[in-house]
Amino acid sequence: MSENSTERTQARYDRIAPIYDALEVGIERLAFRHWRNELWDHIEGEHVLEVGVGTGKNVPYHPAGVWVAGIDVSAPMLQRARDRVAARSPQQVDHRAGDAGLAQMDAERLGFPEDAFDAAVATFVFCSVPDAVRGLKEVNRVVRPGGRVLLLEHVRVNAPVIGPLMDLLDPVALRLMGPHINRRTVANVTEAGLEIERVEELAPGGLVKLIFARSPDSGPSTSRGGGPAGRNDP
Ligand SMILES: C[S@@+](CC[C@H](N)C(=O)[O-])C[C@H]1O[C@@H](n2cnc3c(N)ncnc32)[C@H](O)[C@@H]1O
C-alpha cells in the first residue's frame, strides 16, 4: 500500500475529527456501547495495544489494572482521545479505566518490538487501514505468542445482492466517510497469520462481527507477521 493511501486516510480522519463523535451518537447509544463492553470483558493480560484509538471511545471500557497503549494515524482524533483520558473522573479511573498512553503511529508500521503486548484490540479500524493485512501482520508481530487479538468490525455482507452492492458503493463510502464498507476482515485476519478462535455475528447478515483471534504459539510452521505486505482487499 502506498504512503499516499495512508496520507489520504489520515487527512479524511483529520477533517472528520471535530464531528466524529456527534456523527455516531445515536448508533453508539443503541449498539456500539454494548459491543465495546463485551469486547473489553474478554481482554486478558496487563499490556494491551489499542490500534486506531480514534477519539478514545473505548477509554471508558479499559479495564482497571490494564495498561493500554493507544495508537492512531490522525493527530486530531488522538487529541480528542487525550481529552477523554484527561476528563475521566477519579471514580472511573479507580473502578474501570486503566492507564492509557497515546501515540501517533501507522498501524502498518508499528513502532513496538516483537511480543510487546499481551493482547490487542481494534474497533472499527481495519475497515480504514489502507493495507489491512499488513496492519494485522504488524499486530501479530507485536502481540506475544498465544496473546489475544479482539476486533469489532463492520464487514462485507456475504449475500448475493447486498455484497456486490457494497462493492459498487465502496468508493463512494470511502470518499465520503473514510472507511471501506466491503472488507473481508475474517479472511484478512487469517491471511495475516492470526488464528481465529470464534466469530460472533452482532448485526443482521453478519454486517458487524466480533472476531476473537490469537497470535499463534511460536513453532516452526507459524508465521507471526514481518513478512511481505499482504493482499489489499478488495
Ligand atoms: C472509524 S474510526 C474508529 C475509531 C475508534 N476505534 C472507535 O471505535 O470509535 C477509525 C480510526 O482508525 C484510524 N486509522 C485509519 N488508518 C490507520 C492507520 N493506518 N494507522 C493507525 N490508525 C489508523 C483513523 O484515524 C480513525 O481514528
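Ranked by the mean number of other Cβ atoms within 10 Å of their residues, highest first, the peptides 166-176, 68-78, 201-211 come out as 68-78, 201-211, 166-176. Calculated mean residue ellipticity, 222 nm, the chain: -10000 deg cm²/dmol, from DSSP H runs (n ≥ 4) at -39500 (n - 2.57) each, averaged per residue and rounded to 500.
Let me know the shape class of the range 42-83, please: from the alpha-carbon gyration tensor, a ≥ b ≥ c as square roots of the eigenvalues, rounded when a/c is under 1.5, otherwise prolate if a/b is greater than b/c, or oblate. Verdict is prolate for the range 42-83. Would you kindly state how much longer the chain becomes between residue 14 and residue 109 on full extension, computed as 0.36 nm times their sequence separation minus their alpha carbon distance, in nm to one decimal? Computed gain between residue 14 and residue 109 is 32.3 nm. Where a ≥ b ≥ c are the square roots of the eigenvalues of the C-alpha gyration tensor, would you call the chain rounded, which needs a/c under 1.5, or, failing that, prolate if a/b is larger than b/c, or oblate? Cα axes put the chain in the rounded bin.
Computed extension gain for residue 82 through residue 187, at 0.36 nm per residue and net of the alpha carbon distance, reaches 34.5 nm. Full extension of the chain between residue 158 and residue 197 gives 12.0 nm of extra length, using 0.36 nm per residue less the Cα-Cα distance.
Residues 165, 136 in ascending order of nearby Cβ atoms (within 10 Å, fewest first): 165, 136.
All of the numbers you see were taken from the coordinates with simple rules; none came from a lab. A quick note: this is a predicted structure, and the numbers were derived from the prediction, not measured. Counting neighbours? That spans all protein chains shown, and the Cβs are built from the backbone with ideal geometry, glycine included.
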